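Okay, so here's the structure we're looking at.
The values are calculated or read from the model by the stated rules, or taken from the named source; none is laboratory data. Small disclaimer: the values here were computed from a predicted structure and weren't measured. With ideal geometry, Cβ positions are generated from the backbone for all residues, glycine too; neighbour counts draw on all protein chains shown.
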């Protein structure tokens, strides 16, 4: 009946020798030097599990010494097995099923009838009356295997959204874009986030189930990283094996659970700084977390958000040379409907240093990209039909060019000016085709209109470069 997460093979990993495997928490930590990365298909699961392992590392070892922090990029960064003796001493906290304490579950709910399905643990699996866009299954049919239930519980502190009355989002409110430094092994990735501090670490949720966030004051690191915005208690496994609706493996699935909110979680003067959240200015001297855009509502599929995110990250973070940056988030509607997960992985041979010049070019590129529509728009009020078409077509053009630019991101970081000039040439080719399509004919007016559209692409020439915080210089004519 028991399923202990320390030993059960529930975490999918890719080893450095190229083989795929499944391991428990203990092996993931003690063998982290021979593991390349967490190998879950959904990037949300990879982030949730990395943060869970990082919280376990802090819990077992505490803050690193100055020398241990200094060595974060040296060798394979593997951890001595004796660091994790606390896991064996406290293994009861990691039982997913059975009597007694359960991992990320409230024991006070064990006698309550489980009215929800386990589908509520996974964003992409339909629950309630939600449509089955991602999985062709409906609520009440199928279930989750124990490993996927554990993964869904690990997601809750990181990616929970508001879900009705009394079901508040996680500690970071609307889930932000989580930015994690990565190395060539899981051990190095964990070391890059394992940083020295002098504040109290506190206790994780698995040790103090039902923990309530303080209304004011500082939130310690471990409670903040593991706080659950839901009260959960898993039901029993089915007697017969069936396919898990999430991973597809034939297992004795769990179909039902208690899944309730904890009430409002707003704090009057609560201070919490997530180690993987990048703050960005919101205006009027306020700051907020870097978040993803809603690509479904964007005419260009939020094509430029990767540039905005990278510029914000480089502006707020010092990145270790030799390390990569991995950013993961997902789009929501009103903070309660899951749309899509997005991720950005950047691992160049060398990061731009200093980053200010690169950020200035990135900001200029964004401003130029937004200006394309304005430059291409006809001054004639009688071309309403063409303006609708132009809006749609230029959205597709920008998405295409941004995709091509993102595929050359390593070169973009080492030679930003040259790569962005190449991207303007991509625009030139596309805009010439758009001009012929939207302004056919050989009249003087059609030729003038074609020329205007063809010349409306972005300008990243050195003579038009702007300083950080300044708008690019305006030109005469069609601008």
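One residue stands out in segment 319-354 among those that are under 14 Å from residue 414 (Cβ atoms) and surrounded by 20 or more Cβ atoms within 10 Å (Cβ to Cβ): the one that is nearest to the chain's Cα centre (by Cα), namely 346. When restricted to residues that are more than 17 Å from residue 176 (Cα to Cα) and at pLDDT 90 or above, segment 308-353 contains 2. State yes or no: is residue 271 under 30 Å from residue 110 (Cβ atoms) and loosely packed, with under 15 Cβ neighbours inside 10 Å? Here the answer is no, as residue 271 does not meet what is asked. The single condition from (1) in contact with a helix residue (DSSP H, G or I) (Cβ under 6 Å, 6 or more places away or on another chain); (2) in a loop (DSSP other than H, G, I, E, B); (3) more than 18 Å from residue 149 (Cβ to Cβ) that residue 63 fails is (1). Just to be sure, is residue 435 at pLDDT 90 or above and assigned by TED's automatic domain parsing to the domain that holds residue 356? Answer is yes for this residue. If I ask for residues that are assigned to a loop (DSSP other than H, G, I, E, B) and surrounded by fewer than 22 Cβ atoms within 10 Å (Cβ to Cβ), which ones from segment 139-159 would you list? Scanning segment 139-159 gives 139, 140, 141, 142. Cβ-Cβ contacts under 6 Å between residues 6 or more apart (or on different chains), taken from a first residue in segment 442-455 that is assigned by TED's automatic domain parsing to the domain that holds residue 378 to a second residue that is outside any helix (DSSP H, G or I) and buried (at least 17 other Cβ atoms within 10 Å of the Cβ), are listed as 446/439; 449/439; 450/439. Scanning segment 209-238 for residues that are at pLDDT below 90 and in contact with a helix residue (DSSP H, G or I) (Cβ under 8 Å, 6 or more places away or on another chain) yields 209, 210, 211, 213.
On inspection, residue 289 fails the criterion of being out of contact with any helix residue (DSSP H, G or I) (no Cβ under 8 Å at 6 or more places or on another chain) and either assigned by TED's automatic domain parsing to the domain that holds residue 164 or free of Cβ contacts under 8 Å to residues at least 24 places away in the same chain (or both).
Between 217, 235, 248, 263, the distinction of being surrounded by fewer than 17 Cβ atoms within 10 Å (Cβ to Cβ), in the same structural domain as residue 32 (by TED's automatic domain parsing) and touching a residue at least 60 places away in the same chain (Cβ under 8 Å) belongs to 263 only. Is it the case that residue 32 is surrounded by fewer than 20 Cβ atoms within 10 Å (Cβ to Cβ), in the same structural domain as residue 223 (by TED's automatic domain parsing) and within 21 Å of residue 276 (Cβ to Cβ)? No; evaluated as a whole, the condition is false for this residue.
Residues that are over 14 Å from residue 189 (Cβ atoms) and in contact with a helix residue (DSSP H, G or I) (Cβ under 8 Å, 6 or more places away or on another chain) were ranked within segment 16-29; the one that is surrounded by the fewest Cβ atoms within 10 Å (Cβ to Cβ) is 17. At least 2 residues being within 28 Å of residue 10 (Cβ to Cβ) is the threshold, and among the strands (runs of 3 or more DSSP E) wholly inside segment 191-274 those reaching it are 230-234, 256-261. With the structure loaded, tell me whether residue 79 is at pLDDT 95 or above and surrounded by 13 or more Cβ atoms within 10 Å (Cβ to Cβ) or whether it fails that test. When the stated conditions are applied, residue 79 does not pass them.
Residue by residue, here is whether (1) in a loop (DSSP other than H, G, I, E, B); (2) without any contact (Cβ under 8 Å) to a residue 40 or more places away in the chain; (3) within 20 Å of residue 228 (Cβ to Cβ); (4) not assigned by TED's automatic domain parsing to the domain that holds residue 180 holds:
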{"position": "2", "(1), (2), (3), (4)": "yes, no, no, yes"}
{"position": "44", "(1), (2), (3), (4)": "no, no, yes, no"}
{"position": "47", "(1), (2), (3), (4)": "no, no, yes, no"}
{"position": "51", "(1), (2), (3), (4)": "no, no, yes, no"}
{"position": "57", "(1), (2), (3), (4)": "no, no, yes, no"}
{"position": "77", "(1), (2), (3), (4)": "yes, no, no, no"}
{"position": "86", "(1), (2), (3), (4)": "no, yes, no, no"}
{"position": "101", "(1), (2), (3), (4)": "yes, no, yes, no"}
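Restricting segment 299-318 to residues that are free of Cβ contacts under 8 Å to residues at least 40 places away in the same chain and either under 13 Å from the mean Cα position of the chain (by Cα) or within 22 Å of residue 394 (Cβ to Cβ) (or both), the residue that is surrounded by the fewest Cβ atoms within 10 Å (Cβ to Cβ) is 302.
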